[in-house]
Amino acid sequence: MDKRTFIKNISLLGVVPAFGNIDKWIAKYEDRLPGELASDETFWEGIRKGYRLKPDYINLENGYYCFLPQETLENFINHVREVNFQGSYYMRTRRFDDKRAMAEKLAALAGCSKEELVITRNTTESLDTIIGGIHWQSGDEAVMAEQDYGAMLDMFKLVTKRYGVINKIVSVPNHPATDEEIVDLYANAITPRTKLLMACHIINITGHILPVKKICDMAHSKGVKVLVDGAHAFGHFKFSVPDLHCDYYGTSLHKWLSVPLGAGFLYVKKENIADIWPLLGPGADMKADDIYRLNHTGTPPVHTDLAITNSIDYYLKIGAERKEERLRYLQHYWSDKVRNMPNIVLNTPAEKERSCGIANVGIKDMKPADLAETLMKKYKIYTVAIDYANVHGCRITPNIYTTPKELDLFVQALTELSGN
């Protein structure tokens, strides 16, 4: 069986549910440009019908977990049934080939070689594999930002205790004047002892997209390798991982690609694979430059891995450009309305190239936790409070099914709570 047929058969393990044919719906709009379609509510209402939405509140916290559209969910359930039906036979005969097929399909979407990407359980596992797998020596230095995700900062603290690594922590401004301001911030923290620099592709608490390629090129000019946290980037806006010039990249697929919980990926540039010490013991006969040497984690949730192909298929149906334009449109739909209001604090850059669907907003003299609680209890709007690393507000993460009418209610709530 050839590779194309093999992957197609995996997709067919699930059956498209009876709620509608998304392919026919999207086909009606094929002649429309993504930017033009971003504000066409008729089109997106059709997409919204493919989701089962809880009516109790408006969900503006899709960043933690972008739950599945019904088409993907039904396919996932069928994968669970099929794996349960086949049991050990499947696990011993097909799961390895299937997982590699999923990884290959992810690699194609990421724009990298299949020899440079493996499926993990999430971003934390991906990045911690690199942070813990570097051959550290006492006095080595690592550079990172206080706005980085806590689990990664905790891992750097762990290697400090174990190896004597010195962590140099910078603070990324919420509103930089130029890319060079950010690049210089990292550059000034690098010394001859720096071995690794970690940077977010998009900062999870603010939605700030960093100039990663420029950061990587600067770091490489100083002999420093770069690890990129892409937890909120992949499936959110379009890019190619190799174009970032990074050495390592990790992401979670349960966020913006809407894969079931339990899947992420790790990219390691081919020339760097042999330099990383595995998290768990690999097979004794594996070559040093085989990325699967870094991917032994025991028995995985194989039904989740199988659903990756369904999530990718759905993402490609929607269209990467369409999704990016829609998410950016929704973010600016509400943020542009409140950005200049008295007592409103936007913790996300105004420039469209510096953000996409995620933004963070606060109200002066109101604690983020109180804002989140009030939004939920009074206005039935669910968000998450952020109150650290120079970011004080609520993270707002709509998804493609979110409507402007729902965001109008959010804007109204902010207007009232800020005294405007």
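The values are calculated or read from the model by the stated rules, or taken from the named source; none is laboratory data. Nothing here was measured: the structure is a model prediction, and the numbers come from that model. A quick note on method: Cβ atoms are made from the backbone with ideal geometry, for glycine too, and the neighbour counts reach across all protein chains shown.
Things to note:
- Criterion applied to E36, E71, E30, E45 was being part of a loop (DSSP other than H, G, I, E, B) and of a type in the set (D, E, K, R), and the one residue passing it is E30.
- In summary, K238 fulfils each of the numbered conditions (1) out of contact with any Pro (no Cβ under 9 Å at 6 or more places or on another chain); (2) crowded, with 24+ Cβ neighbours inside 10 Å; (3) part of a loop (DSSP other than H, G, I, E, B); (4) in contact (Cβ under 8 Å) with a residue 60 or more places away in the chain with the single exception of condition (2).
- Conditions (1) touching a Leu at 6+ places or on another chain (Cβ under 6 Å); (2) more than 11 Å from L266 (Cα to Cα): number failed by A103: (2)
- Count of the stretch 174-186 residues which are of a type in the set (A, V, I, L, M), over 13 Å from H208 (Cβ atoms) and surrounded by 15 or more Cβ atoms within 10 Å (Cβ to Cβ): 1
- Taking first residues from the stretch 371-386 that are over 20 Å from T206 (Cα atoms) and in contact (Cβ under 8 Å) with a residue 40 or more places away in the chain and partners that are small (G, A, S) and in a strand (DSSP E or B), no Cβ contact under 6 Å between residues at least 6 apart in sequence or on separate chains turns up.
- Taking the stretch 350-374 as the range and being crowded, with 16+ Cβ neighbours inside 10 Å and within 19 Å of the chain's Cα centre (by Cα) as the test, the residues that pass are R354, S355, C356, G357, I358, A359, N360.
- Test: S252 is under 21 Å from K317 (Cα atoms), out of contact with any Pro (no Cβ under 8 Å at 6 or more places or on another chain) and polar (S, T, N, Q): yes
- Qualifying residue in the stretch 296-309 (condition: surrounded by 22 or more Cβ atoms within 10 Å (Cβ to Cβ) and part of a loop (DSSP other than H, G, I, E, B)): no
- Yes/no for A189 being of a type outside the set (S, T, N, Q), surrounded by fewer than 23 Cβ atoms within 10 Å (Cβ to Cβ), touching a residue at least 24 places away in the same chain (Cβ under 8 Å) and assigned to a helix (DSSP H, G or I): no
- Any hit, the stretch 315-334, residues being at pLDDT 95 or above, surrounded by fewer than 18 Cβ atoms within 10 Å (Cβ to Cβ) and in contact with a strand residue (DSSP E or B) (Cβ under 8 Å, 6 or more places away or on another chain): no
- Residues of the stretch 347-367 satisfying the condition of being under 26 Å from I400 (Cβ atoms) and not small (G, A, S): N347, T348, P349, E351, K352, E353, R354, C356, I358, N360, V361
- Contact map, the stretch 150-168: residues that are modelled with pLDDT of 95 or more paired with residues that are surrounded by fewer than 14 Cβ atoms within 10 Å (Cβ to Cβ) and part of a helix (DSSP H, G or I), Cβ distance under 8 Å, separation 6+ or inter-chain. Pairs shown: N167/K157.
- The set of residues from the stretch 258-273 being out of contact with any Phe, Trp or Tyr (no Cβ under 6 Å at 6 or more places or on another chain) and farther than 16 Å from L227 by Cα comprises S258, V259, L261, G262, A263.
- Failed condition for I203, given (1) touching a strand residue (DSSP E or B) at 6+ places or on another chain (Cβ under 7 Å); (2) crowded, with 24+ Cβ neighbours inside 10 Å: (1)
- Among the residues listed as K317, K255, the single one being among the charged types (D, E, K, R) and not in a helix (DSSP H, G or I): K255
- One residue stands out among those in the stretch 161-173 that are more than 13 Å from G139 (Cβ to Cβ) and of a type outside the set (S, T, N, Q): the one that is surrounded by the most Cβ atoms within 10 Å (Cβ to Cβ), which is V172.
- Selection from the stretch 375-420 of residues that are within 22 Å of the chain's Cα centre (by Cα), hydrophobic (A, V, I, L, M, F, W, C) and assigned to a strand (DSSP E or B): V384, A385, I386, V391, C394, I396
- Close Cβ contacts (under 9 Å, 6 or more residues apart or on different chains) running from residues in the stretch 24-41 that are touching a residue at least 40 places away in the same chain (Cβ under 8 Å) and farther than 15 Å from K323 by Cβ to residues that are hydroxyl-bearing (S, T, Y) and surrounded by 13 or more Cβ atoms within 10 Å (Cβ to Cβ) comprise E41/T403.
- Count of residues meeting criterion [hydrophobic (A, V, I, L, M, F, W, C), surrounded by fewer than 19 Cβ atoms within 10 Å (Cβ to Cβ) and within 14 Å of the chain's Cα centre (by Cα)] in the stretch 100-133: 0
- Single unsatisfied condition, L158 versus (1) assigned to a helix (DSSP H, G or I); (2) of a type outside the set (F, W, Y); (3) in contact with a helix residue (DSSP H, G or I) (Cβ under 9 Å, 6 or more places away or on another chain); (4) buried (at least 18 other Cβ atoms within 10 Å of the Cβ): (4)
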